[in-house]
Amino acid sequence: MHSRKTNSISRTWALVIAAYVLIIPANLMPVMATGSLFGTEKDTIFGGVVFLWTSDSQILAIILFCASIVIPFAKLFSLTFLLISVQIRSTWKPKLRAKLYRIVEAIGRWSMIDVYVATMLTALVQFGSLMSIRAGAGAIAFATVVVLTIFAAKSFDPRLIWDAADRSKENNHLAKDLNV
């Protein structure tokens, strides 16, 4: 048995709101700047998806799109849904909401796949004055969004999902007892 997470809702909201604020620059600002003898090129996440798609690497483009755009937004929307449902004391499908929470918590670190790729490229492709790769502000914002959503999922107390359902069962039993 574990004790309850204190201030779970307010801490999770704070982390989710911070992630919502940072997800905009994470997607609009350059994630990577590559420099060569021919100049410097700055790429956003979506620019990387488009480049991969037009370079006949559709599978990689889909993976990057899902891991870098779809999953972070889905995590934020899911956490928001869970927070709102807990705050309004919803009794709607607690098993499904608990499963949603477990999925959000499990996929947390997989959202960092493009940050890992950018880091690996930076480490591998340092050819002195010929070529360089630097992480852009978008990469920092994106990594922060991922970390914030991981912390938000960890700070959320999933037992809150069951509290309203348990109260509803207690009230139903109490009502039956009073009618007997």
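Residues that are within 19 Å of R134 (Cβ to Cβ) and modelled with pLDDT of 90 or more were ranked within segment 2-42; the one that is least open to solvent (accessible area, probe 1.4 Å) is A26. Can you pull out the residues in segment 144-159 that are surrounded by fewer than 21 Cβ atoms within 10 Å (Cβ to Cβ) and in a helix (DSSP H, G or I)? Those that are surrounded by fewer than 21 Cβ atoms within 10 Å (Cβ to Cβ) and in a helix (DSSP H, G or I): T144, V147, I150, F151, K154, S155, R159.
The values are calculated or read from the model by the stated rules, or taken from the named source; none is laboratory data. Note that the structure is predicted; figures quoted are calculated from it, not measured. When we count neighbours, we look across all protein chains shown, and the Cβ atoms used for this are built from the backbone with ideal geometry, even at glycine. Only protein heavy atoms, including side chains, enter the accessible area calculation; ligands, DNA and RNA are left aside. Shrake-Rupley method; radii C 1.70, N 1.55, O 1.52, S 1.80 Å.
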